[in-house]
Amino acid sequence: MVASECFPLVKTGGLADVVGALPAALLPFDCHARVMLPGYPSVSEQLRDPTVIGTFGDLFGGPAKMVAGRSETDLEIIALEAPHLYERAGNPYLGPDGRDWPDNHLRFAALCRAAERFAALVPDGWAVDVLHCHDWQAGLTPIYVREEARAAPPVVFTIHNIAFAGLCAAMERERLGLPATGFSIQGYEYWGQISFLKAGLVYSDRLTTVSPTYAKELQTPAFGMGFEGVLRQRRADLVGILNGVDETVWNPEIDQSTAATYSVRSFGNKKVNRAAVQKHMRLDLDPDSLLVCAVSRLTHQKGLDLLAETLPTLINLGGQLALLGTGTPELEAMFMAAMKSYPGRVGVRITYDEPLSHLLLAGSDAILVPSRFEPCGLTQFYGLRYGTIPIVARTGGLADSVIDANLAAVTARVATGIMFHPVDADGLREAYNRAAELFSDPTAWRDLIGAAMNQSVGWSRSASRYAALYADVIRDPRRPVRN
Ligand code: ADP
């Protein structure tokens, strides 16, 4: 696997969770994965038993080496150590000014080049059968692989979020070592620039994305962000495989970040977490409120402006909000102002805090995910697992992972959450009303919690689909024969 993030070594979002969990989930299917990552300081510091397995005299402006090792979670990691590219503190993509590093194209082209070289190495007899590349940062890998004369493994490319096109100026083409012939509408060119993402979409043998609904949505102008044409052309090679969650990391029965562990049988303990959340977030210790949390990047995609806009309705219904997130300055300011306007009813933490995210999941009654688009989304799965009812927009993976509490589903006691559409302020207000009504009926709410906590959210089924896909692409007769 080739990726720019991997939990627990480096994480800014769901990509890290997926790359951190899938390798272990693949083992029962006889697939053995190693993860290649940029050697950011946090990665190199945490790497156990480091061994150098390859070196580069000059990789986009300086020397580099591939260092094999393990994470504390026993993932096999290959860190690409290149101080001139990665030895920078903080966010993996952004400089201190909050903008993308100007050399991000070189930083991630280096990762792709190293992946291509690693595939040729066979260190300790370990040969690569498939390169599984994740998102734009790994997008040039299939080009580099194709350019080599030797036999190369097939490439599977997964779209976690089409919104990040990985663009750079056309004049960088030679420096990146990209063939001139590919700079066209059929190739990696995108409106006059180079798109790493498009390279991944065009040159990989198979494409996946992280939910079946997003796989369909991506082929439409409303969601494809300009790549819908390429994806329609490649639809026979595109499949949606729903993400799962790491059930060892997200398990209320053993979660050390909670105030009290619980299961569906000892659900009463959730009250202890509820009080802990209220205390921690400086909310009224109200035992009857509908306590809603959100753990999210604060961006337009995530629809959190809708949450800010509809807060009065939630509060009027007796709700409380506990919000954890970081994002655009406007949204951060909006939520800080909301906290001042509704003391005791709205608690906000503008920070990235993994343990606090666990506590919020354990102590809230519901988790809100009002995304305008959502390739898969993970926090709704955490909600299901923690008996924290997801209130979600009907889009992408959210639509594939929650059973809406409509009349038929409630009567059959199979509903696991509340889904709303259209994704606008009125749609969200309607969702609050439905949630409040269900919450006021203890039997109905209990049924929701029971069904939610029993819903399978692990990786096993999806890992088997990835394993089948790898097997399929390895023996695909359509693959061009490369010397
Ligand atoms: P995306 O990858 O688009 O940001 P996902 O829902 O797929 O959205 O994944 C987000 C991941 O990041 C989840 O594991 C979520 O719990 C975590 N997360 C987001 N913001 C924060 C935060 N401020 N503190 C802790 N965890 C966060």
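Overview of values
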{"item": "Contour minus Cα-Cα distance for Val264 and Asn454 (0.36 nm per residue)", "result": "67.6 nm"}
{"item": "Distance between segment 106-177 and segment 206-222 - C-alpha centres, whole angstrom", "result": "22 Å"}
{"item": "Cross-link reach list, aspartates and glutamates versus Lys216, counting only Cα pairs under 16 Å and skipping chain neighbours closer than eight places", "result": "Glu228, Asp237, Glu374, Asp400"}
{"item": "Per-residue ³J(HN,Hα) for segment 307-319, Karplus 6.51 cos²θ - 1.76 cosθ + 1.60, θ = phi - 60°, Hz, x for Gly and Pro", "result": "5, 4, 5, 9, 3, x, 5, 4, 5, 4, 7, x, x"}
{"item": "Fully extended contour minus Cα-Cα distance, from Arg70 to Met171, at 0.36 nm per residue", "result": "32.5 nm"}
{"item": "Charge context of Glu309, other residues only, Cβ under 11 angstrom, K/R +1, D/E -1", "result": "-2"}
{"item": "Cα gyration tensor, the chain - rounded (a/c under 1.5), prolate or oblate", "result": "prolate"}
{"item": "Counting DSSP beta bridges with both ends in the chain, the antiparallel % (nearest 5)", "result": "30 percent"}
{"item": "The chain - percent relative contact order, Cα under 8 Å, separation 6 or more", "result": "13 percent"}
{"item": "Contact order normalised by residue count of segment 270-454, Cα under 8 Å, 6+ apart, percent", "result": "22 percent"}
{"item": "Around His32: net Lys/Arg minus Asp/Glu count, Cβ-Cβ under 11 Å", "result": "-2"}
{"item": "Order by protection proxy (mean Cβ within 10 Å, highest first), peptides 193-201, 430-438", "result": "193-201, 430-438"}
{"item": "Computed [θ] at 222 nm, deg cm²/dmol, the chain (DSSP H ≥ 4; -39,500 (n - 2.57); rounded to nearest 500)", "result": "-11000 deg cm²/dmol"}
{"item": "Straight-distance crosslink candidates among lysines, where the alpha carbon sits under 24 Å from Lys11 and sequence neighbours closer than 8 are dropped", "result": "Lys65, Lys198, Lys302"}
{"item": "Nearby lysines by direct alpha-carbon distance to Lys270 (threshold 24 angstrom, same-chain neighbours under 8 apart not counted)", "result": "Lys279"}
{"item": "Asn251 paired with Asp353, simple spin-label distance in nm, labels 7 Å along Cα-to-beta-carbon", "result": "2.6 nm"}
{"item": "Net +/- balance of residues flanking Arg70 in space, Cβ distance below 14 Å, scoring K and R +1, D and E -1", "result": "-4"}
{"item": "Cα centroid of segment 258-299 to Cα centroid of segment 410-483, whole Å", "result": "22 Å"}
{"item": "Whether segment 131-243 is rounded, prolate or oblate, judged on the alpha carbon gyration tensor where a/c under 1.5 counts as rounded", "result": "oblate"}
{"item": "Pairwise FRET efficiency - Ser440 versus Asn91, Cβ, R0 = 45 Å, nearest 0.05", "result": "0.60"}
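Only the coordinates and a few stated rules stand behind these numbers; no lab work does. Since we're looking at a predicted model, the values are computed, not measured. A quick note on method: Cβ atoms are made from the backbone with ideal geometry, for glycine too, and the neighbour counts reach across all protein chains shown.
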